[in-house]
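Just below is one structure, and these are the notes that go with it.
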Amino acid sequence: MTVVKKWAVLFDLDGTLVDTAPLWRAALTALIGRRQAVPAGVVDGLRGLTALEAVITVHRRLGWSDADPIADVTWVERFVRRRHLDGGARWDGFGLRLVADLRQHGVPVGLVTSSSREIVNALLTHNDVPRFDVVVCGDDVARAKPAPDPYLLGARRLRLPPSQCVVVEDSPTGLSSAMAAGCPVVVVGDYGSPSPSGRATCLADLTVPTLFAAAPPETPDGDPS
């Protein structure tokens with residue numbers, strides 16, 4: 001099978017290619033534990049948020065009106081970065097295989113994440129991580145997901161229209177961002193139900209042909225394969 005190079009794939013990072021949720025929960029829990037006992041459920045429901053949004057949400061839930069969110073974001077990100085450098089988060093083997101297969105077929109591949117450049121750079125130091133043609137981080141855009149800005153920037157850096165950039169996402173926040181940007185979406189993991197622009201599937205089942213079949217780009221030229 002030959003895939004025409006005019007198509008690209010943009011991957012989300014957290015929860016899609018790397019299971020980072022436990023590390024972020026641990027970091028936020030440790031942050032709270034420095035000041036008080038950790039209430040049950042206080043770090044729940046933060047999936048898809050930026051570090052700043054997650055910290056602000058935790059401050060609000062705990063009534064920490066005098067806390068400095070920027071200082072706490074710095075602390076939390078240093079915690080996560082240290083764990084990444086120590087190998088605390090592992091890349092999904094199926095995801096890495098898919099990225100490598102796409103590159104072998106000549107398909108440009110990008111990474112679009114709400115995580116900071118410092119965090120992403122720590123993750124990209126792992127030896128088994130393939131090269132991405134573009135990397136868009138949370139500090140590259142004025143508005144993070146669910147705004148369309150991250151995926152619009154990813155498509156622009158690849159010099160392709162968003163309609164020709166298939167997005168692989170795992171969260172409602174990321175799905176909203178990709179749809180708002182006009183990208184076709186494949187939703188992986190256990191999130192939600194099928195929608196017009198994305199349907200839940202398993203990353204382990206995705207290959208180059210099935211990826212494009214799951215979210216066929218809508219262009220006058222038709223089939224990408």
What do you reckon, is Pro194 over 22 Å from Arg47 (Cβ atoms), surrounded by fewer than 20 Cβ atoms within 10 Å (Cβ to Cβ) and at pLDDT below 95?
no
The lone condition Ser114 fails out of (1) part of a helix (DSSP H, G or I); (2) in contact with a Ser or Thr (Cβ under 6 Å, 6 or more places away or on another chain) is (1)
- Could you tell me whether the range 165-182 includes any residue that is open to solvent by 10 Å² or more (accessible area, probe 1.4 Å), part of a loop (DSSP other than H, G, I, E, B), at pLDDT 95 or above and in contact with a Gly (Cβ under 8 Å, 6 or more places away or on another chain)? no
Taking the range 36-62 and the residues there that are farther than 27 Å from Ala142 by Cα and without any contact (Cβ under 8 Å) to a residue 12 or more places away in the chain, the one that is least open to solvent (accessible area, probe 1.4 Å) would be Gly41
Among residues of the range 22-48 being among the charged types (D, E, K, R) and within 26 Å of Gly174 (Cβ to Cβ), the residue modelled with the lowest pLDDT is Arg47
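Taking the range 49-72 as the region of interest, how many residues are among the small types (Gly, Ala, Ser), over 15 Å from Asp14 (Cα atoms) and in a helix (DSSP H, G or I)?
1
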Screening Leu46, Leu10, Leu23 for residues that are assigned to a loop (DSSP other than H, G, I, E, B), closer than 19 Å to Ser114 by Cβ and touching a Phe, Trp or Tyr at 6+ places or on another chain (Cβ under 9 Å) leaves only Leu46
Restricting attention to the range 115-131, the residues that are in contact with a Phe, Trp or Tyr (Cβ under 9 Å, 6 or more places away or on another chain) and either open to solvent by 30 Å² or more (accessible area, probe 1.4 Å) or in contact (Cβ under 8 Å) with a residue 40 or more places away in the chain (or both) number exactly 4
Scanning the range 83-114 for residues that are over 23 Å from Pro209 (Cβ atoms), open to solvent by less than 10 Å² (accessible area, probe 1.4 Å) and modelled with pLDDT of 85 or more gives Thr113
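The values are calculated or read from the model by the stated rules, or taken from the named source; none is laboratory data. Fair warning: this is a prediction, and the values are worked out from it, not measured in the lab. Note that we place each Cβ from the backbone using ideal geometry, even for glycine, and neighbour counts take in every protein chain shown. We work out accessible area using only protein heavy atoms, side chains counted, and drop any ligands, DNA or RNA first. Shrake-Rupley method; radii C 1.70, N 1.55, O 1.52, S 1.80 Å.
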